[in-house]
Amino acid sequence: MRARRPGTCAAPRRPARVAGVLLVGAAVAVTGCLPLRWARDQRVEVVVGPPRAGGARVVEVRADRLGDTTATFEVRLDRVVGSPLVSVTSRSPARITLSGEVIPPGRHVLVATVRAGHRRRHGTAVLDTALRLNQLQGLGSHNSYHVAPTDPPWNGVLQWQYTHSPLDVQLSEEGIRQLELDVFVDPAGHFVAHVPDVDAGTTCVRLVECLRVIRGWSDAHRRHAPIAVLVELKDDDYGLPTPIRPWTRAAMDQLDAEIRSIFPPGRLVTPDDVRGRRTTLREAVLRDGWPRLETLRGRVIFLMDNAGAKRHAYRQGRPSLEGAVLFTNSSPGDPDAAFVKRNDPPADIAELVDAGYLVRTRADADTWEARADDRRRAEVALASGAHWVSTDFPVPGRAFGTPYVVTIPGGSPLRCNPVNTPAWCRSGMVEDLAADRRRPPGDASRSGARPALVSSGSLGV
């Protein structure tokens with residue numbers, strides 16, 4: 001039997017007889033496919049793409065044995081007859097865009113009808129509007145471990161004059177869902193610092209110590225949306241007393257092992273989880289999309305800050321990050337492309353988000369925006385749709401006497417991504433830990449709960 005790709009559903013090769021709406025609904029519930037009358041040796045394959053701008057979905061309909069013949073392609077939800085949502089005239093395959101405005105929340109049977117002359121053929125696929133990982137926007141903290149130096153002359157470096165709360169406090173009280181750790185090599189256990197010996201203040205010294213803090217908070221809040229941890233591999237040697245070792249592949253393997261020692265497979269989001277059966281990570285992200293948010297609650301995703309030589313060393317021998325823990329800071333189009341870092345919020349972030357990449361950017365840098373109470377960069381970053389917007393000032397009262405602070409508008413603490421979610425999305429669907437605590441276990445109304453499959457009575461057959 002020919003294997004079906006994820007997100008596809010092709011009609012059977014032989015005629016299928018269906019007796020009544022109830023049987024149709026039962027078949028959909030069991031198989032995810034809607035059985036329909038079929039012409040012998042003819043086939044329509046339907047592929048539903050991941051969410052795009054405004055929650056739109058691109059549907060590809062491919063009809064066998066159509067050749068160069070132009071046909072009419074019609075798309076409906078949960079019914080075979082009646083006015084189609086979209087109708088186009090095209091050769092096969094046809095690419096049809098369904099606006100997010102015409103797709104109600106829930107899980108639907110998408111029915112594609114192909115008309116060529118007197119012939120009419122059908123194909124189906126499941127269209128599930130459950131939110132994906134890349135449909136959120138959250139707040140990050142830059143150098144999340146950092147404590148400003150107090151000794152001269154280093155306490156006079158303006159760019160270092162910021163201090164963050166402990167990691168668990170940031171997660172619990174400050175709405176942070178993306179953390180950043182600068183990591184140096186140590187065979188006895190990698191350590192965290194900004195610049196050893198001169199700007200070394202940190203709320204957690206060893207990497208595993210920092211990870212245990214994150215794991216502890218995660219254990220206590222298992223319904224949280226995935227926490228992103230951006231890891232910068234540092235080995236700049238300024239001739240200071242602390243020995244600086246290079247990031248070799250062995251040191252990178254040690255990094256992966258230290259992360260896995262704290263977070264078992266069920267608590268991580270890894271490249272293997274996302275790639276599935278696709279050849280490359282890029283292909284999986286752009287064609288199948290990211291996993292459903294509901295399946296990733298209570299997990300942590302690790303991202304590499306570095307590009308260039310360190311990225312290439314990390315993916316050596318595994319171009320699509322097979323077996324790796326970190327998602328690399330990649331270049332769109334490369335086999336490992338899934339996450340992209342854009343420190344300065346440029347015009348292409350919205351395009352990257354629409355395509356399906358995860359993006360992190362910054363609302364401020366080097367304390368300048370905070371000192372001037374200049375929110376322009378933060379506003380551009382938030383509007384861009386970047387999934388994580390990082391700041392040194394997530395709470396009031398730390399911005400050198402100015403009211404500067406960065407928060408997620410309407411977040412709880414995250415919000416629906418402003419680029420690729422439909423109008424019906426609400427921030428509580430992304431994460432609402434307070435509401436989750438108030439609901440009894442098993443309550444179907446829990447935030448982010450999987451929408452019910454369409455009932456048999458709603459199928460317009």
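Dipole magnitude of segment 36-143 about its Cα centre, charges +1 at Lys/Arg Cβ and -1 at Asp/Glu Cβ only, in debye to the nearest 20?
340
For Arg287 and Ala250 in the same chain, what is the full-extension length gain: residue separation times 0.36 nm, less their Cα-Cα distance, in nm?
Going from the current span to full extension adds 10.0 nm.
Take the Cα atoms of segment 207-363, build their convex hull, and give its volume per residue in Å³.
It comes to 136 Å³ per residue, whole-number rounded.
In whole percent, how big is the carbon plus sulfur part of the accessible area of the chain, probe 1.4 Å, protein atoms only?
Its accessible area is 52 percent carbon and sulfur atoms.
When ranked by the protection proxy of mean other Cβ atoms within 10 Å per residue, highest first, what sequence do the peptides 300-309, 313-322, 256-265, 222-231 form?
Those peptides, ordered most packed to least, come out 222-231, 300-309, 313-322, 256-265.
With the crude spin-label approximation of a point 7 Å out along Cα→Cβ, what separation in nm comes out for Asp237 versus Ser83?
Label at Asp237, label at Ser83, 7.3 nm between them.
If you count only protein heavy atoms with a 1.4 Å probe, what accessible area per residue comes out for segment 219-371, rounded to a whole Å²?
On a per-residue basis, 37 Å².
Angle, helix 249-262 long axis vs. longest principal axis of the chain, Cα atoms, 0 to 90°, nearest 10?
Computed tilt is about 80 degrees.
If segment 151-287 were replaced by its equivalent ellipsoid, with semi-axes equal to the square roots of 5 times the Cα gyration tensor eigenvalues, what would those be, largest first, whole Å?
Each semi-axis is √(5λ); the values are 29, 20, 14 Å.
Using only DSSP helix segments of four residues or longer, with each worth -39500 (n - 2.57), what per-residue ellipticity at 222 nm results for the chain after dividing by its residue count and rounding to 500?
Using -39500 (n - 2.57) per qualifying helix, the result is -5000 deg cm²/dmol.
Before anything else, pin down the relative contact order of the chain: Cα pairs under 8 Å, at least 6 apart, normalised by residue count, whole percent.
17
What is the diffusion coefficient of segment 377-440 in µm²/s, taking the Kirkwood radius over Cα pairs and the Stokes-Einstein relation at 4 °C with a viscosity of 1.567 mPa s?
97
Among (i) 33.2, 106; (ii) 23.0, 71; (iii) 24.8, 85, find the value of Rg and Dmax of the Cα atoms in Å that was calculated from the structure presented, and write down its label.
(iii)
For segment 218-292, state what percent of all Cα-Cα pairs lands in each successive 10 Å bin, counting from 0 Å until the bin that includes the largest distance.
14, 32, 34, 16, 5
Please give the helix 207-220 orientation as an angle from the longest Cα principal axis of the chain, in degrees from 0 to 90, rounded to the nearest 10.
50
What full-extension length gain, to one decimal in nm, is calculated for Ala188 and Arg91 as 0.36 nm per residue of separation minus the Cα-Cα distance?
Separation in residues times 0.36 nm, less the Cα-Cα distance, equals 28.7 nm.
Amide H neighbours of Val195 under 5 Å, counting only residues 5+ apart in sequence or on other chains, H built in-plane at 1.01 Å?
Excluding prolines and chain starts, which carry no amide H, the hits are Ala200.
Can you find, among Thr203, Ala423, Val59, the residue farthest towards the positive end of the dipole of the chain? Put +1 on the C-beta of Lys and Arg, -1 on that of Asp and Glu.
Positive-end residue among those listed: Val59.
Taking the radius of gyration and the Kirkwood hydrodynamic radius from Cα positions alone, what is the Rg/Rh ratio for segment 188-260, to two decimal places?
Here Rg/Rh amounts to 1.01.
I'd like the chymotrypsin sites (Phe, Trp or Tyr not before Pro) in segment 176-230 restricted to DSSP loop residues with at most 16 other Cβ atoms within 10 Å, sorted by number.
Here no loop site has a sparse enough neighbourhood.
The values are calculated or read from the model by the stated rules, or taken from the named source; none is laboratory data. Everything numeric here is computed off the predicted structure, so don't read it as measured data. Quick reminder, even Gly has a Cβ in these numbers, built from the backbone with ideal geometry, and neighbours come from all protein chains shown. Calculation scope for accessible area: heavy atoms of the full protein, side chains included, ligands and nucleic acids excluded. Shrake-Rupley method; radii C 1.70, N 1.55, O 1.52, S 1.80 Å.
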